[in-house]
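Below is one structure, written out as structure tokens, with a few remarks after it.
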Amino acid sequence: MNKTLLSVLTATVCAGIGLQAAPAEKAPVKPLPPVRMNGKAFFPIGVYDLARSTVKQPERLGDVDPVLYDCGVNAAFFGNIGMPGDKRYPGYSHIVKAFEKAQKDPRFSNIALIISFDSRIYSENDPSLTGKARRKYRPLNAAEIEVRKKFLAEAMTFFAKQPNVIGYSVDEPENTFTNYFRIHHKGKDINRIGFALNDWLGWFKPLIDRYHPGALQIPIIAWWGTYKDVAPLYDILIADQYPRGKGKNQPEFSAGLYEVSFDAARAVDAARNAGGGRTVIYMPPSFNNLKGNWTFPTRKELRYLYFAPVTRGAMGIIAWRLNRCKQPYRETVVYPTLKELSRFHDYYLGTWHDELVSSNHDEATVDYLKKFATRDELLNDVKIGKKKVVADFVPDVTYCLRRKADGQWMLLAVNNRRDALDVAFTVKSKMPATVKEELSGKTVKVAGKVIKDKFGPFDVKVYTWSEK
């Protein structure tokens, strides 16, 4: 009998009697490298800001909410460098003062810091530009760049002396230059703006290498269609996506939370293909005090938003942002979720064994996991484009398998759907009779090599076991 026909008949018979066909062999997944501070690998965990909610400007920078240390926070953004004389960010003197204040607590030295460049460092306002987006800036000319270089050389010399500063960032430069690109590059696909950004911002790296050796380029890039093109601009890519909702009182799980899974996978794929030691930190939404039709995640939703990017290969989570969280929201939603995420820090740095796992929900079985817009500019005054079917769909369930050096295993899994699922994981490794689901504390039986469990909408499960 023809082998192809035999395979089809076998699959048909198995389906008819309720048997599951043997999972296909998977190729090993190439891990992204970890982020490092002073040579030591770590998994960044943070919420952008550090200050307590009761502290107001300008004292916020330099204030650290002590609860964050208990939550396992080990990374943060620490101030914006502006041009000298700027009213909002006057040079970098305000950051120097913040360091003097924060360094009084020795624990501060363990927090990896990212310094941001204000938009005026790499652009100039141009009122003549037209377009929907509010940001109307143009790239710098050669003379303006030279002025910035002289100033930044001085600033970087200071930051190079701060051992926990790991690099520098810019915030969503695609949105900064959208209007300029549309007008001055007519006829060119706006989604290829990344190539122009390389020209406009490429002067940063030589400057960093000269005045702060070892520091990294860590930009926040907003459009998932831009990641591959801007590889020259990053050592660590920070990708962000904030699913839109229908107002403050929308039903739980109604927003497109799965967008962070799609976005994170795009970022990881881009960094992996670019190579050169590049890696990814993901920046999910974490706020409840912001104007616009954004989703204010519930406790269960935030748990999904923090863990889902890890299942796609992200090597850090720095959510945006603590400064946009009211105190009760911090205490009941943000802090508990940070603690959960940090519990498994050492597993995230373990060896990758994703190829050993398969599930009965490895495909996308609903349309919303298959269709995505070409880009989402993450601007409240710009509508999302038309959605279309993509090749890199989001499966119903995503997961990752990690092993620590001591032989402990972790299977982290999330349900990317709005409805409940019965999920069966097959693990091609020696398995115990039971595993522990850490978030609930429950013991789950293992039938041979199969773990079966019920997942609620956008649910998260963390299974651990020892190979001993």
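The values are calculated or read from the model by the stated rules, or taken from the named source; none is laboratory data. Since the structure is predicted, the reported quantities are computational estimates derived from the model, not experimental observations. For neighbour counting, all protein chains shown are included, and Cβ atoms are generated from backbone atoms with ideal geometry for every residue, glycine included. In case anyone asks, the SASA skips ligands and DNA or RNA and just uses the protein heavy atoms, side chains included. Shrake-Rupley method; radii C 1.70, N 1.55, O 1.52, S 1.80 Å.
List of remarks:
- Whole-Å semi-axes of segment 191-246's equivalent ellipsoid (Cα gyration tensor): 25, 14, 8
- In the chain, the longest principal axis of the Cα atoms and the axis of helix 259-274 are about 80 degrees apart.
- Mean sequence separation of contacting Cα pairs (under 8 Å, at least six apart), scaled by the length of the chain, corresponds to a relative contact order of 14 percent.
- Simple spin-label estimate for residue 406 and residue 124 in nanometres, 7 Å along Cα-Cβ: 5.9 nm
- Residue by residue, segment 123-132 carries 3J(HN,Hα) couplings of 7, 10, 5, 9, x, 6, 5, 10, x, 5 Hz when phi is fed to the Karplus relation 6.51 cos²θ - 1.76 cosθ + 1.60 (θ = phi - 60°); x denotes Gly or Pro.
- Folded to 0 to 90 degrees: helix 142-159 orientation relative to the chain principal axis, Cα: 70 degrees
- Long-range HN-HN contacts of residue 112 with modeled amide H, under 5 Å: 75, 76
- In the chain, the alpha-carbon atoms span a convex hull of 165 Å³ per residue.
- Summarising the label geometry, the points placed 7 Å from Cα in the beta-carbon direction at residue 269 and residue 379 lie 2.6 nm from one another.
- Candidates 276, 232, 298 compared by Cα position along the dipole of segment 157-311: farthest toward the positive end lies 298, with charges placed on Cβ.
- Rounded to the nearest 20, the size of the Cβ-charge dipole of the chain about its Cα centre is 360 debye, with Lys and Arg at +1 and Asp and Glu at -1.
- Across segment 315-468, the mean sequence separation of Cα contacts (distance under 8 Å, 6 or more residues apart), normalised by length, yields a relative contact order of 21 percent.
- Rounded accessible area per residue of the chain, 1.4 Å, Å²: 45 Å²
- Accessible-area value, residue 355, 1.4 Å probe, nucleic acids and ligands omitted, Å²: 40 Å²
- Full extension of the segment from residue 30 to residue 93, taken as 0.36 nm per residue of separation minus the current Cα-Cα distance, would add 18.5 nm.
- Dipole axis of segment 122-199 (+1 Lys, Arg; -1 Asp, Glu on Cβ), positive-most option in 170, 156, 180: 180
- Of the residues 223, 255, 447, the one whose Cα sits farthest toward the positive end of the charge dipole of the chain, with +1 on the Cβ of Lys and Arg and -1 on the Cβ of Asp and Glu, is 255.
- At 1.306 mPa s and 10 °C, Stokes diffusion of segment 371-444 via Kirkwood alpha-carbon radius, µm² per second: 99 µm²/s
- Across segment 216-222, computed HN-Hα scalar couplings (Karplus, 6.51 cos²θ - 1.76 cosθ + 1.60, θ = phi - 60°) run 10, 8, 9, x, 8, 10, 8 Hz from first to last residue, x flagging Gly and Pro.
- Dividing the mean sequence gap of close Cα pairs (under 8 Å, 6+ apart) by how many residues segment 134-229 holds gives a relative contact order of 42 percent.
- At R0 = 45 Å, FRET efficiency that the Cβ-Cβ distance of residue 439 and residue 188 yields, to 0.05: 0.45
- Computed from Cα positions, the angle between helix 93-102 and the longest principal axis of the chain comes to roughly 50 degrees.
- Full-extension gain in nm, residue 86 to residue 422, via 0.36 nm per residue minus C-alpha separation: 115.3 nm
- Cα gyration tensor shape of segment 178-306, rounded if a/c is under 1.5, else prolate or oblate by comparing a/b with b/c: prolate
- The calculated FRET efficiency for residue 392 paired with residue 153, based on their beta-carbon distance and R0 = 41 Å, is about 0.50.
- About the centre of its Cα atoms, segment 295-419 shows a dipole size close to 520 debye [charges on the beta carbon of Lys, Arg (+1) and Asp, Glu (-1) only; nearest 20 debye].
- In range of the label at residue 144: residues from segment 77-105 whose backbone nitrogen is under 18 Å from the point 7 Å along Cα→Cβ: 81-89, 91
- Separation of alpha-carbon centers, segment 219-259 and segment 70-104, rounded to whole Å: 25 Å
- Separation of the residue 363 and residue 299 label points, Cα + 7 Å toward Cβ, nm: 3.7 nm
- For the chain, the carbon plus sulfur part of the accessible surface works out to 53%, probe radius 1.4 Å.
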